[in-house]
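Below is one structure, written out as structure tokens; the observations come after it.
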Amino acid sequence: MRAYLRAIEPLRTEVNRLLDGADPILLSYSEHRMSAADTQRKMHRLERRFVPYVNAIGALRSVPPDLSAAQKAYAHTYVLEDRYLRALISALPRRQWGRLPNTEARQRWTIVAWRDAVAREAARVHVPLPHDIQIAGTGEITPSPEGKS
């Protein structure tokens, strides 16, 4: 369990930090302070920086056996997030927000289920959890096209 937390926590922390960078970009666009082309370029750069995390979270090998299914589902939320980011980039020029995938509720449910499974396993083996895992799934999941959390 300790090895799993050491492996996953830096990935989660960096992904959260990376995705927090989407809101200022999208807010500038929604307030017409940035062109669609500039916004797409910046969001595309953000999405390209996200892809290695999608691969890394899916390739974790230090997963406790009792967390295998939860980890697989959790890793899939990164795939869904990447699809959302790519769709958002495509939707920007015409502001076609209705075309964005509606996966936020599914992602939130999966993240909360993963968090609960991690908490159960950590309690079973008496390993303390980092605070940020205990709040996983409670904040914004997908960046708002208007840049508002």
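The values are calculated or read from the model by the stated rules, or taken from the named source; none is laboratory data. Since the model is a prediction, treat every value here as computed from it, not as a measurement. With ideal geometry, Cβ positions are generated from the backbone for all residues, glycine too; neighbour counts draw on all protein chains shown. Quick note on the areas: whole protein, heavy atoms, side chains included, nothing else; ligands and nucleic acids left out. Shrake-Rupley method; radii C 1.70, N 1.55, O 1.52, S 1.80 Å.
Does at least one position in the stretch 102-110 carry a residue that is among the aliphatic types (A, V, I, L, M), open to solvent by 50 Å² or more (accessible area, probe 1.4 Å) and farther than 24 Å from Ala136 by Cβ?
In the first step, residues of the stretch 102-110 are kept if they are among the aliphatic types (A, V, I, L, M); the result is 105.
Subset that is open to solvent by 50 Å² or more (accessible area, probe 1.4 Å): 105.
Cutting the leftovers down to farther than 24 Å from Ala136 by Cβ gives us none.
No, that holds for no residue.
Confirm whether Tyr74 is under 16 Å from the mean Cα position of the chain (by Cα) and within 29 Å of Ala122 (Cβ to Cβ).
yes
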Select from the stretch 59-72 the residues that are without any contact (Cβ under 8 Å) to a residue 60 or more places away in the chain and of a type in the set (A, V, I, L, M) and write down the one among them that is farthest from Val118 (Cα to Cα).
-> Ala59
Arg12 passes all but one of the listed conditions (1) touching a residue at least 24 places away in the same chain (Cβ under 8 Å); (2) over 30 Å from Pro65 (Cβ atoms); (3) not β-branched (Val, Ile, Thr); the exception is number (2)
From the list Ala75, Ala56, which residue is without any contact (Cβ under 8 Å) to a residue 24 or more places away in the chain, closer than 21 Å to Arg115 by Cα, in contact with a helix residue (DSSP H, G or I) (Cβ under 6 Å, 6 or more places away or on another chain) and not acidic (Asp, Glu)?
-> Ala75
Restricting the stretch 100-115 to residues that are closer than 30 Å to Ala37 by Cβ and not in a loop (DSSP other than H, G, I, E, B), which is modelled with the highest pLDDT?
-> Gln107
